[in-house]
């Protein structure tokens with residue numbers, strides 16, 4: 001082994017990172033392989049300061065099935081943050097909530113939820129129009145990780161977002 | 001790290017092979033332009049396009065003596081030099097640039113970026129179809145590969161179709177065992193096929209070429225080195241699909 005290199009890094013980590021880069025092509029038969037990805041309307045990322053929510057989100061109630069909690073969160077975001085819909089994507093790309101909600105952006109949530117273990121999913125915020133943002137939020141639920149996609153006119157504030165995530169986590 | 005040298009001479013190799021090639025300097029230091037034209041610092045370029053939507057691509061194109069080879073200088077650095085623009089802030093303009101280049105018939109757009117994956121470089125990599133990594137064959141450079149791979153994986157989340165063409169060992173010094181060992185170590189670490197067979201040696205010819213503002217293949221003694229880049233072009237071309245591609249370079 002080459003000590004001037006191998007002694008300074010974790011060869012297995014390097015191989016994992018490299019393997020995940022090499023494995024990029026959608027498999028044949030993958031229903032999502034022809035997704036357009038960034039469309040012509042995509043504007044880019046944003047660094048706007050988030051606007052405060054009109055009111056704090058209610059505290060979580062006794063645990064209920066995930067779809068029910070997602071529906072409640074979607075309704076609250078619509079009321080409090082003028083959200084234009086919420087969808088949720090599980091590993092493997094299945095849309096477990098809001099399948100008809102902004103399907104053109106589901107690709108972003110799929111990419112995040114299936115990110116390799118060596119690069120944990122992080123919250124992402126995309127400006128998708130003059131007064132529209134897509135928030136992609138990884139959440140660890142009892143059923144496993146999901147990524148939420150929420151379309152809002154303003155970026156969601158971190159505090160309000162934490163309360164939202166608590167409603168979905170166990 | 002040799003990325004600008006690789007970008008210039010690889011673009012020249014593609015152009016010599018008849019591929020309509022656009023070489024873009026997306027490094028605020030302007031290394032590509034400074035290597036090839038004395039007027040580079042006065043030319044409207046890539047960073048001007050990013051900040052001014054009224055500038056058309058045609059104003060940026062610098063023709064060369066080869067019909068298939070054109071350049072875009074870096075332009076004015078502005079806040080990109082200080083890195084204050086932020087990642088993703090100009091992704092849309094980068095994509096607009098690439099669409100414009102493709103619509104004008106450029107089959108390959110090679111973009112030489114600044115080192116690192118933040119700021120505009122991250123946007124360029126996110127917007128491109130594929131990325132190639134020139135990696136200097138020396139221990140310190142090889143030790144930084146994990147960080148680089150991690151950064152690319154993060155960018156791939158935003159562009160799932162981004163492909164890694166491969167890693168090209170550069171500045172290889174056959175008379176220094178540590179350089180050869182570093183190259184060997186990288187080949188052992190990475191999957192088969194991820195490191196190009198072609199290796200770019202450190203050679204004084206590159207200094208002479210830079211002094212004359214030419215690709216190394218244009219020098220009188222440049223034929224052997226030109227053949228190296230022709231070989232690298234062949235390896236890359238074998239990995240590219242037949243439709244036009246947009247590739248970025250960085251280190």
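A short reminder: the numbers here are calculations on the coordinates, not readings from a lab. For clarity, every value in this text was computed on a predicted model and none was experimentally measured. Cβ placement follows ideal geometry from the backbone for every residue including glycine, while neighbour counts extend to all protein chains displayed.
May I have the convex hull volume per residue, in Å³, for the Cα set of region B:85-187?
Normalising the Cα hull of region B:85-187 by residue number yields 108 Å³.
How large is the direction-averaged shadow of the alpha-carbon convex hull of chain B, in nm²?
Over all viewing directions, chain B projects a mean Cα-hull area of 12.6 nm².
Which of A:97, B:97 has the fewest other C-beta atoms within 10 Å, and how do the rest follow up to the most?
Result, fewest neighbours first: A:97, B:97.
For peptide B:179-188, how many partner chain Cβ atoms fall within 10 Å of a residue's Cβ, on average?
Taking the mean over all residues of the peptide, I get 3.
Starting from the Cα coordinates of region B:128-251, work out the convex hull volume and express it per residue in Å³.
123
Exposure proxy check: A:8, A:126 ranked by fewest other beta carbons within 10 Å?
With the sparsest Cβ surroundings first, the list reads A:8, A:126.
How would you rank A:151, B:108, B:228, going from fewest to most other Cβ atoms within 10 Å of each one's own Cβ?
B:228, A:151, B:108
Where does each of B:160-172, B:111-123 land if you order them by average Cβ count within 10 Å, highest first?
Ranked by mean Cβ neighbours within 10 Å, highest first: B:111-123, B:160-172.
Is region B:164-215 rounded, prolate or oblate when judged by the Cα gyration tensor, a ≥ b ≥ c being the square roots of its eigenvalues, rounded requiring a/c under 1.5 and prolate requiring a/b larger than b/c?
Taking the square roots of the gyration eigenvalues as a ≥ b ≥ c, region B:164-215 is oblate.
What percent do you get for the relative contact order of chain B when only Cα pairs under 8 Å and 6+ apart count?
Dividing the mean separation by the residue count of chain B yields 26 percent.
Take peptide A:10-22, look around each residue's Cβ out to 10 angstrom, count Cβ atoms belonging to other protein chains, and average those counts.
6
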